[in-house]
Amino acid sequence: MKGETFLHILLLTLIMVSDLFSRFVVGSSSPPLLGIAPQDEKYYQASSDGIKCRDGSGKFSKAQLNDDFCDCLDGTDEPGICSILFVAVLAFELWLLHEDDGSLKGTSACPNGRFYCRNAGHIPLVLYSSRVNDGICDCCDGSDEYDGQVKCSNTCWEAGKAARDKLTKRISTFQEGVAMRKHEIERAKLAIAKDEKELSKLKNEERVLKGLVQRLKERKELIEIAEEKERSQKEKEEQDRKEAEQKATEEKSKSAKDIDPETKEHEVDEGGETKEDFDNDIVGLLDDPVGTAEGDGDAYSLPEIQEAAAVSSDVVHDADENAASDQANEQGDVPVKPEELSKEELGRLVASRWTGEKVDEEIKQDSSEETHKEDDKREDVLDEDLYEDDDDGYVSDSVDDNKKYEYRDPEDEIREDLFADDNGDSTSHHTNYSDSDSDDEPDWEDIIVEMIWSWLEKTMIMARRFLRAFNLFQRPFDKSEAASVRKEYDESSSKLSKIQSRISALSEKLKHDFGPEKVFYSFHGRCLESKQNKYVYKVCPYKEASQKEDYSTTRLGQWEKFDESYRVMVFSGGDRCWNGPDRSLKVKLRCSLTDELTDVDEPSRCEYMALLSTPAACTDDRLKELQDKLDAMNKNEPQSHDEL
Amino acid sequence: MNPRLRFSLVLFLSLALSPAPSLSWKEEEFRNCNQTPFCERARSRTPGSSRLIASKVSLSDGSLVASLVDRDDSSGNPLSLTLTSYQDGVLRLVVDEDPSFDPPRRRFRVPDVVLPEFESSKKLWLQRIAEERIGDDVELSVVVYLNEDYEAVLRRDPFEVFVRERSSKDRVLGLNSHGMFDFEQLRGKKEEGQEWEERFRGNTDSRPHGPQSISFDVSFYGADFVYGIPERAMSLALRPTRGPGIEFSEPYRLFNLDVFEYLHESPFGLYGSIPFMLSHGKGRGSVGFFWLNAAEMQIDVLGEGWDAYNDGKIVLPSSLKRIDTFWMSEAGIVDAFFFVGPGPKDVVRQYTSVTGLPAMPQFFATAYHQCRWNYRDEQDVAEVDAKFDEHDIPYDVLWLDIEHTDGKKYFTWDKVLFPTPAEMQRKLAAEGRHMVTIVDPHIKRDDRYYIHKEATRNGYYVKDASGKDYNGWCWPGSSSYLDMVNPEIRSWWGDKFSLQSYSGSTPSLYIWNDMNEPSVFNGPEVSMPRDAIHCGSVEHREVHNAYGYYFHMATSDGLLKRGDGQDRPFVLSRAMFAGSQRYGAVWTGDNTADWDHLRVSVPMLLTLGLTGMSFSGADVGGYFGNPDPKLLVRWYQLGAYYPFFRGHAHQDTKRREPWLFGERNTELMREAIRVRYSLLPYFYTLFREANTTGVPVLRPLWMEFPSDEVAFDKDDSFMVGNSLLVHGVFNEHAKHVSVYLPGKQSWFDLRTGTPYPGGTTQKLEVSESSIPAFQKAGTIVQRKDRFRRSTAQMVNDPYTLVIALNSSKEAEGELYVDDGKTFDFLSGGFIHRRFVYKEGTLSSYNVAPTASGNARFNTKCEIERIILLGPAGQPKNALVRPGNLKTEVEYGPLQLFGTGSSNVLTIRKPGVRISEDWTIQLS
């Protein structure tokens, strides 16, 4: 708003100046009007016709200039100390040529007028005319109160010094911050390049692996057909044998039973299901024989497996909770017979209409809470019963949604899945990542790529071997070979699905808006926390924001976008408020040398605000603005104060 | 259970149990007439069923007294009747049980509502009674003097009391003209098989004294419409509730309740009750009837032909058009006042002579108030305050709702959110701004809370039927309620507002009383049980409607004490009763952010004004829900003319301070608020008029145009004083509005100065920048056209006079000014001028009575601009006397802000002071 006002006035100035020169011939010799900037004087020179209001709303005589009576709706006739011009730096400098004799004072007569305080020693100020002679000292030089009702002391020097000191400090922060930001941009460039490189390699690899998997699959199917044939042969033989036996037995006893057809069907079913799992679901990794595929199978420790399993059941569970809590919400409107409630329950219930507090759980202790328990499943998951009892998890409509709310970045998980033994946990990823320009540490991105290739090579060699071996298509085939093909197929297809996940994660990541020069790249996959009173606020850019209290978590929103020229991060669509909107959060960015989340507030119900201090917000433009401001302030220092 | 199965089950259940619409939920929470035994009984009475006759008529202590006895059954106790005349055409009728027959207990008479000075010095001591035969009555009727034009008649058999014009003998107002009077006398014990208890929704009312209701009919003769009996969200003119074609309507209920999300069109009673009804008719003018009774009341307005089944026993003068009404109350006595009018302003004056004049507010309180549930903390307060300045929007008061307290303990502060409340108030005060905090009557039952400790120790709480401190549920949880009916407790309460006692308070802090119906979340109908006990064994049922009134009174008296009687209190109350106007402002409670609620705010406030509550407003923007920006802007444009102008919002709503909806909307709301600030001198003059005459700031058109029939039921427009007519815009897509401009004189558009003829309906184009508003020809309105942060900075600003000339080129207006704060105005410390424009000359006269006290008020304020609208001719110069100074007459803007302003004749800087006599002659 202030900025807009400034621009508006500046614009007016320019229009006015050009207007002036086009209308009046320079060179008048009449004495200057005090308090009016030279290029503006002409405007105020009365002709026989009077002076026109700039907005054309009327005209006024010279005597009516600043006579405490509003003749022009736009305040042309009550211009303060040439309020309009003096905002412009140019005009300001011209003003310095004039003496302030106090005789030209803007008035409060025009509501749309502006008053300019010179504030020597501090920054000049443009006031609404409503502040003139209103008994309150608005200008540090006191110039807005000249009617003698109040006496304002000149505090510009002190205030100006404090302001200059503050500004100087701020500028030095900015200077350092701008450097950090540049650094960050460089790192982001490199990191993105690496991501892109990895992505393209992974895509190549995916292509290769796809072919391989396809061939292995065909091979496997051939083997299976062969096996099937062999088995049915055997079965037939077996049956024949059994029949023979049975006949023999029947002769002895009458209690034998035929169970074979069922068994057969069962086996077929199982086989089909397994195949599906492998094709579609990372959960299929469960079946990956541990320790057979060059160690990468080690990545899947038991808890993770169970967690992965829990995720899918979780979805159903959450939807369930969702419906339950919906119902609880609606119960507020369902007629409740007061006779059935205690006095206190009734009181709470009625109060809740205004407050929206959930009274059901307070009363009945059995209704689900609106807030969500922390999604820390690692322990709970192991105990399924416990998990069932908890009002855990996030409300979500689909599996996809659910993934979004997982605490860990899917990308990280895949990285871990693939390379857990080499790269440790996710935190160290971030550390490594953010320090990737350091020469001491290995560049893990390169390692990944190398590893993939070495593994791929091995796989290819193996596969080739198998494929060659089966070319002969002998019958009966080598059983150990068949097992190897199967295993190889399983491994390869699971690798493929992992690579595909990684590709999609990387592509998703690279699709994000990382701001000008990708300066916000490093915020991806990171979270910042801030503790305020009993709440811990957690903001994960490009992902989500939440508020935690003890064991419950409220989602404040999912990542939506940047706003206001990358000065604000917007998270929206968080948990719904009773009788209100979905929660949302706006994070304002502020230049600072460290990344820090502070000042979380809820100015309007369920609409949160927070401040994120970060070097990424230290832009050159802002720095220049501040420097200009300081320059202006310094120029404006009155000489008389120098010795103070 | 299998999660999938569970999911489907829950889904199924939630569908099966899907909630009924919330409306029905509310409806069943409150009693209707059929669920209210006294109402049901009374409503079944038929005309002529009363068997009472008046006997033993005599004069006693200057009043007429009589006994009411059963015509056929002499075994019952007679009732005592007292009829008293008061100055200015007020007749009072009291009917109670006769104490000489030893009734089981004394019935409740509402104390502290009728002004002591009314009772002591306005009474006319009757010297003689005249007798006269009415029609073919067997018994003679008794005629009593009322004033020069009116007399009262007590008809013995059938018993009837009416007021008539002395000259024509035409009745104007009658009680029991239809013979439906009934008075259930208290009995010592229950009769065989009789059940006294009442049950409603799990609450049992022990009703230890049995049925004790009173009902009677009141007829308004010569009436086209009846009005009054707030508070409800309904049309200004009261529609019939019984009669042919009206099958299922409820009577108008007067029972103070905290109604959650009230409907915009319902006869149901809301937070306040004022049992005062006025009528108006073209031929007759206005009369009024007030029943001073604080128990639950139900009132039927009877539609034409309602008594058609009557067998002809009741013979009423058929030449007169009339409106019959039927009044029912659960308890108490008949203490009824008849006001003869004959003009609408006369009735209001007569009513306020009984119940008191509206308090004179401080100047700041007449400006714009900014409220929200809740401004979160001191930083929030500072930011909101700063934003008003940043956007150059004036405001005067910032409000804090319940969350500012420490655990809903009033007089305390949340230490985390409001660590330095006094400093916060001082910062606001430095800008001339004030703060208001909420103080409700429910007291948290917390042994560490000093108020609770003292109240418990002193026995200051209302008791339940068993005699223990009544324990109800409200914001703080378990709460008790102070018994404000007791003057001692009120006095104790008042002391809690002293700066010493109320820690963190400063002299710029004022108070808001909410929830004082009282609202009890777990009580019957969200209020207190009727068998709860107040001091003097008074049952809550007898005093219910006045509970909030006493609380408001106690708070107001507390602020008065705080300022040593020098500082005018400001207390906003939600509950109200007859007389609440003496203690401060009221608002229409928890309205909703929709167009219907914007619309209904006009009749609601007009009705409040008619019944004494001049200083009233509705929450601008609507309390519940989120107003569309268009609605919010329209609400500010209308709210700027509410006597009490406050923006407020529920805590679940989005922020809606005027700068949050884009530049254009900010501008529109700023302009709306500026309209109010500009007109504050006019408003303040009107507040003073209300303070001296009872005539409200906001007036129905018929109050100013009593013989313009078209205006009688208009409630989409209203008058502000006698000069301005305002018409709301109540539709989002409205392109045009039809505005009826009453009377014979022209009207000038407030913004453009365009004249429109009176007595016409104008279809006007609606602009987004204002709602239609007009100045009546023949009036002078004062403005201050400098816009400041708050009223405090306007004190020395010059005035603008807008003169709207009528067809005879004349106009007049008044200006009242005082220090805006103290009670000096009571002893002469004010300026009261009359401006008269006649024959081309504007003159300023002093109309303040001389020798009204020692205090003096003066101001150097000048008039900076005089605007002439209408047939002023083409004057070039103005001669100012004294001084014989010439000043220019030119064309200038009518308004200094907004768009659409036109050039109007302007006397520029006449340089005259408003405190002095002068003339300005145009030539």
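The values are calculated or read from the model by the stated rules, or taken from the named source; none is laboratory data. Computed from a predicted model, the values in this text were never measured in an experiment. Note that we place each Cβ from the backbone using ideal geometry, even for glycine, and neighbour counts take in every protein chain shown. Heads up: the accessible areas ignore ligands, DNA and RNA and are worked out on the full protein's heavy atoms, side chains in. Shrake-Rupley method; radii C 1.70, N 1.55, O 1.52, S 1.80 Å.
Quick one: how many residues across segment B:887-910 are of a type in the set (Gly, Ala, Ser) and surrounded by 15 or more Cβ atoms within 10 Å (Cβ to Cβ)? Residues meeting the conditions: 3.
In segment B:529-546 there is at least one residue matching the filter, namely being out of contact with any Leu (no Cβ under 9 Å at 6 or more places or on another chain) and within 14 Å of chain A (Cβ to nearest Cβ).
Contact annotation: no residue pair with Cβ atoms under 7 Å, 6 or more positions apart or on different chains, pairs a residue in segment B:860-873 that is away from chain A (no Cβ under 13 Å) and within 21 Å of B:Phe748 (Cα to Cα) with a partner that is surrounded by fewer than 22 Cβ atoms within 10 Å (Cβ to Cβ) and small (Gly, Ala, Ser). Can we say B:Gly332 is open to solvent by 20 Å² or more (accessible area, probe 1.4 Å) and touching a residue at least 12 places away in the same chain (Cβ under 8 Å)? Spelling it out, it is not the case that B:Gly332 is open to solvent by 20 Å² or more (accessible area, probe 1.4 Å) and touching a residue at least 12 places away in the same chain (Cβ under 8 Å).
Annotation: B:Asp495 fulfils all but one of (1) out of contact with any Ser or Thr (no Cβ under 8 Å at 6 or more places or on another chain); (2) away from chain A (no Cβ under 14 Å); (3) open to solvent by 50 Å² or more (accessible area, probe 1.4 Å); the unmet one is (1).
All told, B:Asp590 falls short of being open to solvent by 10 Å² or more (accessible area, probe 1.4 Å) and among the acidic types (Asp, Glu). Looking only at residues of segment B:428-447 that are within 14 Å of another protein chain (Cβ to nearest Cβ) and assigned to a strand (DSSP E or B), we find that the one that is farthest from the chain's Cα centre (by Cα) is B:Lys444. Scan segment B:58-91 residue by residue and report those that are farther than 18 Å from B:Gly174 by Cβ, part of a strand (DSSP E or B), open to solvent by less than 30 Å² (accessible area, probe 1.4 Å) and touching a Lys or Arg at 6+ places or on another chain (Cβ under 9 Å). Correct list: B:Ser63, B:Ser67, B:Tyr86.
When restricted to residues that are under 21 Å from the mean Cα position of the chain (by Cα) and free of Cβ contacts under 8 Å to residues at least 40 places away in the same chain, segment A:165-181 contains 0. For segment A:67-78, which residues satisfy the criterion of being at positive phi and open to solvent by 30 Å² or more (accessible area, probe 1.4 Å)? A:Asp68 - this is the single residue of segment A:67-78 that is at positive phi and open to solvent by 30 Å² or more (accessible area, probe 1.4 Å). Quick one: is B:Pro104 outside any strand (DSSP E or B) and under 23 Å from B:Ser50 (Cα atoms)? It is false that B:Pro104 is outside any strand (DSSP E or B) and under 23 Å from B:Ser50 (Cα atoms).
Annotation: A:Leu611 fulfils all but one of (1) crowded, with 20+ Cβ neighbours inside 10 Å; (2) within 14 Å of chain B (Cβ to nearest Cβ); the unmet one is (1).
Residues in segment B:175-186 that are open to solvent by less than 40 Å² (accessible area, probe 1.4 Å) and assigned to a loop (DSSP other than H, G, I, E, B): B:Asn176, B:Ser177, B:His178, B:Gly179, B:Met180, B:Phe181, B:Glu184, B:Leu186.
Listed by position, the strands (runs of 3 or more DSSP E) inside segment B:448-523 whose residues that are under 21 Å from B:Cys535 (Cβ atoms) number at least 3 are B:477-481.
B:Pro47 fulfils the conditions (1) open to solvent by less than 30 Å² (accessible area, probe 1.4 Å); (2) at pLDDT below 95; (3) touching a helix residue (DSSP H, G or I) at 6+ places or on another chain (Cβ under 6 Å); (4) away from chain A (no Cβ under 14 Å) except for a single criterion, (3).
The single condition among (1) at the interface with chain B (Cβ under 8 Å from one of its Cβ atoms); (2) open to solvent by less than 10 Å² (accessible area, probe 1.4 Å); (3) farther than 21 Å from A:Ala63 by Cα that A:Ala109 does not satisfy is (3). Taken together, B:Leu724, B:Leu750 contain a single residue that is assigned by TED's automatic domain parsing to the domain that holds B:Gln895 and open to solvent by 10 Å² or more (accessible area, probe 1.4 Å), which is B:Leu750. With respect to the conditions (1) modelled with pLDDT of 95 or more; (2) open to solvent by 40 Å² or more (accessible area, probe 1.4 Å); (3) closer than 25 Å to B:Ala365 by Cβ, B:Leu801 falls short on a single one, namely (2). Of the residues making up segment B:747-793, those that are in a strand (DSSP E or B) and of a type in the set (Phe, Trp, Tyr) are B:Trp747, B:Phe748, B:Tyr756, B:Phe774. Can you tell me which residue in segment B:349-377 is most open to solvent (accessible area, probe 1.4 Å), limited to those that are touching a strand residue (DSSP E or B) at 6+ places or on another chain (Cβ under 8 Å) and closer than 16 Å to B:Lys122 by Cβ? For segment B:349-377, the residue satisfying everything is B:Ser353.
Within segment B:197-235, the set of residues being outside any strand (DSSP E or B), aliphatic (A, V, I, L, M) and crowded, with 24+ Cβ neighbours inside 10 Å comprises B:Ala223, B:Ile229, B:Ala233. Of the residues making up segment B:141-174, those that are of a type outside the set (Gly, Ala, Ser), in a loop (DSSP other than H, G, I, E, B) and farther than 20 Å from B:Leu81 by Cβ are B:Asn147, B:Glu148, B:Asp149, B:Arg166, B:Lys169, B:Asp170.
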